[in-house]
Each structure stands twice: as C-alpha cells, then as structure tokens.
Amino acid sequence: MKKVLFLTYYWPPSGKASLHWPLSIIRYLPQFDIEPVVLTVENESFTQKDESLQKLISPNLKVYKSKAWEPFEIYKAFTGKKKTEQLVASETISTTNKSLTHKISIWIRMNLFIPDARVGWYFSAVKKGKEILSKDKFDAIVSIGPPHSTHLISRKLSKLFNIPFIPVFIDPWVDIAYYKEFKRNPITLAIDNHLEKYIIKKAAAVVFVTESMKNDFVSKYPFCKDKSEVLYWGYNEESFYGMGKTENHKDFKQIVHSGNIFDFQNPKEFWKHVKEEIDKGNLLKIKFTGTVSPGIVNSIKENGLEPYTEYTGFLSYRDMLQTVINADYLLVGATEKRHLPGKLFEYLRSGNPVIAFGDDNPEVSLIIKKCNAGMMFSYNESGREFFDNIKNINTDIQKVKEFDRVSISEKLSKMIKEI
C-alpha cells in the first residue's frame with residue numbers, strides 16, 4: 001500500500017467549501033490501496049465551523065496539525081471590527097466598500113502576501129512535515145490549493161526527502177478570479193509568476209479540477225502537458241442517501257444560491273426579471289445560504305426584492321444539502337472561463353433545474369447540457385428563457401453519477417502509483 005502525505009489548509013471543523021474535495025478523496029483512497037496522512041493547520045480562524053464534518057473523518061486516519069499565523073486579526077483591528085466578529089469572504093475583497101482602511105487592507109493583501117494571505121503557515125508546516133516524513137517512508141506528497149502556499153510547503157518537503165509531489169489546483173494561482181478587480185504591483189506579479197512556474201516545473205504530476213484550467217496552464221507552460229490530469233470537483237453520492245424533499249412550495253417557487261457569492265458574480269438583469277415575474281403573479285422567492293457580497297445585497301434592494309429574499313447565513317453541510325434539495329430552482333455563477341463551481345455537482349445530483357450565469361465558460365454550459373439539468377446565460381442576460389423552457393428540463397441522474405468522488409479517488413490513486 002502506498003503512503004501519501006496530504007497538505008490541506010482547510011480541514012474539519014472548518015466549514016470552508018473547498019475542503020470537501022480533499023476530505024472526500026482522502027476518505028475513499030484506502031479502498032484503492034493508498035494510505036493517506038494529513039497535515040493541516042491548528043488554528044484556522046477565518047471560516048465558519050461545521051462540527052458535523054468531523055464524523056466523516058476515519059478514526060484510522062492520522063491527522064497532524066501545526067500553527068499558522070493569519071493576518072485577519074490585524075485586518076479586524078485595522079478596519080474597526082470586533083475581535084469576536086466573524087469575517088465574511090465576499091466582504092473582505094468587496095469592490096463596493098470605498099473606505100480608505102478597506103482599500104489599504106486590500107492593497108496589502110494583494111501585494112505583500114505572496115502567494116496568498118495563508119503563507120504564514122509555511123515555516124511551522126515545513127517543520128511538522130519534516131517530523132512526519134522522518135518517522136516513516138512516504139511515496140508521495142499531495143498539496144491542495146488554494147491557498148497555493150501549500151504547494152510551496154509541498155515542494156520544500158519533496159526536495160528535502162526526495163519524494164515526488166502533486167499539486168492540486170482547485171482554482172488558478174496568479175490570475176485567480178478575484179485578482180482581476182485589483183491592480184497588483186509588477187514586482188509582486190513577477191515573484192508570484194516565478195513561484196507558479198517553479199511549482200509546475202518541479203511537480204511529478206499536476207491535478208486540475210476543470211479541463212479549461214488545465215488547458216490554460218498547458219498553454220502557459222507547455223512542458224506540463226504530459227503530466228497534467230483533470231479530476232473534477234465532483235460530489236459524494238453517499239451524502240444523498242436517505243435525502244429527499246422536506247418542503248413543498250405550493251404557493252411560490254424558491255430560487256436557492258448556496259455558498260459565497262461575490263460582486264463579480266452579480267446577474268443584475270436576472271434580478272430585474274425575477275421582479276417582473278413576481279409582478280406578473282409568478283411568485284418567486286430567493287434564498288441565499290452562505291455569504292453574500294454588498295453588491296448583491298444592493299441589487300436585491302434596488303429591484304424591490306427584499307420582501308422575497310431570505311439570507312440564512314452559514315449552514316452545516318447537511319443543512320445546506322437539504323436546502324438545495326428543497327429548492328425549486330438553483331442559481332450558480334461562474335467567475336470566468338476556467339471556473340467550474342463546486343456546488344454545481346451537488347446541484348446536479350439534487351435533480352432540480354439549474355440556472356447558471358457566466359461569461360465565456362463553455363465547460364459549465366457543456367456539463368449542464370450533458371445532464372439536461374438547466375440553462376446557462378451571460379451576466380448581461382436576464383435568463384428569461386429558463387422560465388419559458390422549464391418543462392423541458394429533466395436531469396439525467398445517471399450521467400450526474402459519473403462525477404461521484406469514489407471514481408475520482410480511484411483516478412488519483414492510479415496517478416500516485418504511476419509516478
């Protein structure tokens with residue numbers, strides 16, 4: 001059995017959505033003769049907690065933790081927030097907040113923390129990693145990013161112990177979507193580009209969670225073509241066991257958006273159309289789970305949708321899944337052409353019609369069409385045709401099941417055995 005060290009910044013009880021890929025993959029890998037060991041942070045404080053996820057961790061799994069220095073407590077003090085106040089991801093990079101303190105904090109984050117604001121974990125993680133790797137023989141190291149600083153830790157340990165490493169890119173690195181709204185210093189960009197290229201070059205294999213992201217990196221770094229693989233984000237089929245609708249919306253139809261939604265994912269024309277539908281007597285209600293950016297909240301207000309909108313805030317994974325299943329329509333926003341929202345796969349498995357928005361993102365559109373699960377529009381469209389064609393949408397669950405994470409874990413196990 002091959003033994004693999006996984007580096008992941010997010011781990012239960014963190015409720016961060018991006019931990020579900022490593023949590024699930026690590027859980028299923030022993031079925032395919034891979035013994036995973038986890039190194040994560042001891043004191044991750046930014047995200048909401050979901051204690052229910054602890055139940056998904058095998059009692060046989062070894063999990064090591066080391067302390068990380070995070071700049072977010074300083075951010076709270078600098079922007080006048082209370083120490084006990086929970087930070088919201090969409091708020092910390094909002095483009096609608098024009099205060100000087102917010103602008104300064106954004107500049108610091110985008111230019112002084114390279115490659116990201118979690119780089120403070122580097123030294124303690126390397127130290128702990130050396131302890132772990134000195135005790136036993138490991139065959140590979142896998143790092144999950146973002147934060148992409150985990151890949152720097154992975155490479156350092158790989159070099160020290162002569163062990164191959166595999167970086168997993170859940171999102172792009174240097175040109176991740178939320179950077180496009182902010183100007184980064186040329187020196188910062190040069191250093192970040194160097195680090196990105198260095199990691200790709202030294203990796204034994206590289207994993208991307210979308211085909212478009214893989215193609216983008218191969219175009220940028222042709223030398224990584226033959227060692228790059230796509231392992232989709234996917235979903236857990238077992239999470240849906242025993243689940244079904246617990247609400248029946250007879251008097252209205254409910255549109256649900258799950259997870260973080262940012263200013264750059266704002267379908268402004270869609271909100272206008274929703275209000276038009278309501279005014280015509282087609283009562284629609286909107287429910288947001290997770291964090292909602294100030295720009296989205298403003299659009300809801302401007303279109304007179306406040307009486308029809310509910311903000312639940314953070315929900316446990318199980319409660320989030322139930323909300324998705326109870327929905328009548330599911331809303332998702334792609335950030336750019338390489339982005340395939342992780343929640344899309346759970347949306348698809350629910351069987352509820354999906355309305356997606358995104359500019360120049362054929363991969364999201366292709367997957368939705370393949371499963372006959374909904375329609376996709378650009379951000380300047382209203383999505384009117386979605387409601388006109390709702391009777392023709394009938395999700396093919398068998399095609400959706402191709403994205404079960406058990407099969408994705410098997411593919412990763414084969415990669416590990418081949419390096």
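Here is how the numbers come out for the structure above:
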quantity: Residue (of 333, 244, 305) at the positive-pole extreme of the stretch 239-401, dipole from beta-carbon charges; calculated: 244
quantity: Which of 266, 294, 342, positive extreme of dipole for the stretch 239-401 (C-beta unit charges); calculated: 342
quantity: When each of 197/417; 202/369; 245/391; 55/285; 220/411 is checked by Cα-Cα distance, pairs over 29 Å; calculated: 202/369; 55/285
quantity: Rel. contact order, % - alpha carbon contacts under 8 angstrom, at least six apart, the chain; calculated: 15 percent
quantity: Listed residue (13, 284, 374) projecting farthest to the positive dipole end of the chain, Cβ model; calculated: 13
quantity: Mean residue ellipticity (222 nm) of the chain, computed from DSSP H runs ≥ 4 via -39,500 (n - 2.57), nearest 500; calculated: -11000 deg cm²/dmol
quantity: Dipole magnitude of the chain, debye to nearest 20 (Cβ charges: Lys/Arg +1, Asp/Glu -1, about Cα centre); calculated: 1380 debye
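Bear in mind these aren't lab numbers, they're just calculated from the coordinates by the rules spelled out. Bear in mind that the values here come from a model prediction, so they are computed numbers and not experimental data. Backbone-built Cβ (ideal geometry, glycine too); neighbour counts: all protein chains shown.
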